[in-house]
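J.: Take this structure, written in structure tokens, and hold onto it; I'll ask about it next.
The values are calculated or read from the model by the stated rules, or taken from the named source; none is laboratory data. Only a predicted model underlies this, so the values are computations on that prediction, with no experimental measurement involved. Positions of Cβ are backbone-derived with ideal geometry, glycine not excepted, and every protein chain shown enters the neighbour counts. Protein only, heavy atoms only, side chains kept; ligands, DNA and RNA dropped before computing areas. Shrake-Rupley method; radii C 1.70, N 1.55, O 1.52, S 1.80 Å.
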Amino acid sequence: MEERRDEPPPAVTRPPVIASGAGTLSPLQQAYSNYVRHATACDRCRDLDGGACETAGELWRAYQAIGDDTYRRMPR
Ligand SMILES: [Zn+2]
């Protein structure tokens, strides 16, 4: 019997992984968690035609600033 090869793989449906547990995350992880939590709940962020979201932009810039600061502090 010949095996069918045109079947799509089974759909994987998993809930999004969202970092949580404030107090146990590093400042960088917390900043990213803040961004992801906003972006997954915000109607404007979820609407691809909704235009730029100011809040998401601020949270992303905060995450980048903490990342840049963390990198500068790393021993070389
Ligand atoms: Zn948003």
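J.: For residues that are of a type in the set (D, E, K, R) and surrounded by 11 or more Cβ atoms within 10 Å (Cβ to Cβ), scanning just the range 37-67, find the one that is farthest from the ligand (Cβ to nearest atom). Break it down into steps so the answer makes sense when it comes.
T.: As a first pass, look at the range 37-67 and keep what is of a type in the set (D, E, K, R): 37, 43-44, 46-47, 49, 54, 58, 61.
Next, only the ones that are surrounded by 11 or more Cβ atoms within 10 Å (Cβ to Cβ) stay: 37, 44, 46, 58, 61.
On the way: Arg37: 10, Arg44: 5, Arg46: 8, Glu58: 10, Arg61: 13 Å.
Looking at the filtered set, the residue picked out is Arg61.
J.: Would the range 24-36 turn up any residue that is surrounded by fewer than 10 Cβ atoms within 10 Å (Cβ to Cβ) and either in a helix (DSSP H, G or I) or at pLDDT 95 or above (or both)?
T.: No: zero hits.
J.: Return yes or no: is Thr70 within 10 Å of the ligand (Cβ to nearest atom), in a helix (DSSP H, G or I), in contact (Cβ under 8 Å) with a residue 12 or more places away in the chain and open to solvent by less than 100 Å² (accessible area, probe 1.4 Å)?
T.: Values: within 10 Å of the ligand (Cβ to nearest atom): no; in a helix (DSSP H, G or I): yes; in contact (Cβ under 8 Å) with a residue 12 or more places away in the chain: yes; open to solvent by less than 100 Å² (accessible area, probe 1.4 Å): yes.
No.
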